Structures are given as C-alpha cells and as structure tokens.
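> Have a look at the structure that comes next, please.
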Ligand code: BO1
Ligand code: ZN
C-alpha cells in the first residue's frame, strides 16, 4: 500500500498525486473536512442510535488511535440502518464550526449493507478529564501497528451527549483515498477532555493528524 502522512512529501497537499487511487484527494469537489457555518441551520431531524455492549479492540494504526467495535451499534437515518464499524480520533479537530477548531474530534464510522458510509463527529473542548476516555487512554498502544483488547470496552452512549442537534452535509473520507458520498453529521454539543488526555494522544501519534479544511464548493449544510 502507498504511504501517506500529515506533513512533508507525503502530506495532504501531495495525497492526490501519490497514486491514481488517491486522485480524489486533489480533484474531488465534495471533500472533508469543512468549516461549518452554523448560521446555516442545524438539523433537528431524528437520529436513532442503538448501542450494544460488546468486545472492542484499540489499535495504533500510525495515523490515529482507532477502536474497532463488534456488531450491534446502529444509526438509522432516512429509513437506512448503518452499523458502527470503528471510531477514532483527530487532534486538533478536522471540521471547524464558525472557524473554531477544537483540540480533539472523534469520528464514529458507520456503514450500511451497500457499503455507504456515515460519520458521526463529536468535538471535544479542553476542560474536565473525560471519564469515558480515561480507561481507553491507559491502554492506548504506543507502537504503530499494535492492537490490544480494550477492557472494559468503552461505553459509547456515555461518551455522546444525551441530547444534541447536528450539522449534516455530504463529504468524503478525510484520509486517502478521500472517497466521496460520505454522510457527515457533526454534533453541535462538544464533550470535554483534559489537557493531559489531549497531549497524551498527540504524543502517542507523534504528530497532529488533521487534514486541512476543504472548500464547500456550494455544498449546503442540510436543515
Ligand atoms: S474519516 O472518518 O473520514 N477520518 C475516515 C477515514 C477513513 C476511513 C473511514 C473514515 N476508512 C474506511 C475504509 C473502509 C472501511 C471503513 C470502516 O473505514 O476506507 O474500507 O470499511 O472501517
Ligand atoms: Zn476521522
């Protein structure tokens, strides 16, 4: 597979020319992340989430810390059911809200039976230590390529705010191959993580892992 990174010769400005497979990273017109202008209304539509306790694996893939989850966590949107595959983190945040960049952003990656992706994004402000992150952060593999069973598994429901609205728009994977047609839903209510939790993440990843903001090219944030 082709190497890519967050800076230098294999950084975001070069992704599109590293291989034909990544060409959308430079030619795509519906790329992520974006700066969300909140004046364009938030979506109040129903988002039906279900959670199922189950085994989780925590992995250091060199680009992020990713938690792979077992079946049973679903999101239903417009009569389509998506199943949670994994969630992972970016620091600082990739998406911005009214030009504000947050120190941490979690991406919950859901997929439907046809392979279509929907990503639910949760921002974190720096503040109180996050009790849900605490156990996982203790078990974060420091070596690239390492995976460990996460015990106890993270309580995903407890990580998310109890009530929220979200900004919805069409976008892409924020990493190569930058595939489009991804439904993005960015929650408008941030969680918190401590300065120590944020810096531990960056030191394990060794670098920041946010792709620069991409142009909206006329895309609207759906109401
Ligand atoms: S992100 O949320 O835009 N940062 C993002 C970036 C890459 C992926 C997912 C989300 N990769 C995809 C793979 C699929 C896989 C899916 C779920 O993750 O391209 O093959 O099924 O793990
Ligand atoms: Zn991501």
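> Provide the gained length on full extension for the span residue 188 to residue 3, in nm with one decimal, where the gain is 0.36 nm per separating residue minus the Cα-Cα distance. Could the numbers behind the result be given before it?
Numbers: separation 185, 0.36 × 185 = 66.60 nm, distance 3.35 nm.
Here the answer is 63.2 nm.
> Measure of size requested: the Rg and Dmax of the chain, with Cα atoms as the atom set and Å as the unit; please supply both.
16.6, 44
> If you take the beta carbon distance between residue 202 and residue 29 as r and set R0 to 22 Å, what does 1/(1 + (r/R0)^6) give as a FRET efficiency, to the nearest 0.05?
Details: r = 31 Å, r/R0 = 1.42.
Once the sixth-power term is evaluated, E becomes 0.10.
> How much of the DSSP beta bridge set in segment 120-216 is antiparallel, as a percent to the nearest 5?
On the way: 7 of 12 bridges.
Among the beta bridges of segment 120-216, antiparallel pairing accounts for roughly 60 percent.
> What's the extension gain from residue 220 to residue 155 if we count 0.36 nm per residue and subtract their Cα-Cα distance? Could you put the intermediate results ahead of the total?
Working: separation 65, 0.36 × 65 = 23.40 nm, distance 3.27 nm.
Gain on extension, residue 220 to residue 155, equals 20.1 nm.
> Tell me the mean residue ellipticity at 222 nm calculated for the chain from its helices only (DSSP H runs of n ≥ 4, each -39500 (n - 2.57), averaged over every residue, nearest 500).
On the way: 5 runs with 31 residues, N = 223.
So the helix-based figure for the chain works out to -3000 deg cm²/dmol.
> While we're on this one: Taking R0 as 25 Å, what's the FRET efficiency between residue 61 and residue 132 from their Cβ-Cβ distance, rounded to 0.05?
Working from the Cβ atoms, E equals 0.75.
> Have a look at segment 101-223 and give its Rg and Dmax from the Cα atoms, expressed in angstrom.
That works out to 15.5, 44 Å for Rg and Dmax.
> Which whole-number percentage describes the relative contact order of the chain, with Cα contacts under 8 Å and a sequence gap of 6 or more?
Details: 525 pairs, mean separation 62.7, N = 223.
Worked out over the chain, it gives 28 percent.
> Based on the Cβ-Cβ distance from residue 180 to residue 144, what FRET efficiency comes out when R0 is 25 Å, to the nearest 0.05? Provide the component values of the computation, followed by the final result.
Working: r = 28 Å, r/R0 = 1.12.
Computed FRET efficiency for residue 180 and residue 144: 0.35.
The numbers here are math on the coordinates, done by the rules we state, and not lab data. It should be emphasised that the depicted structure is a prediction, and the values quoted were computed from it without experimental measurement. Neighbour counts are summed over all protein chains in view; Cβ atoms, including those assigned to glycine, are modelled from backbone coordinates with ideal geometry.
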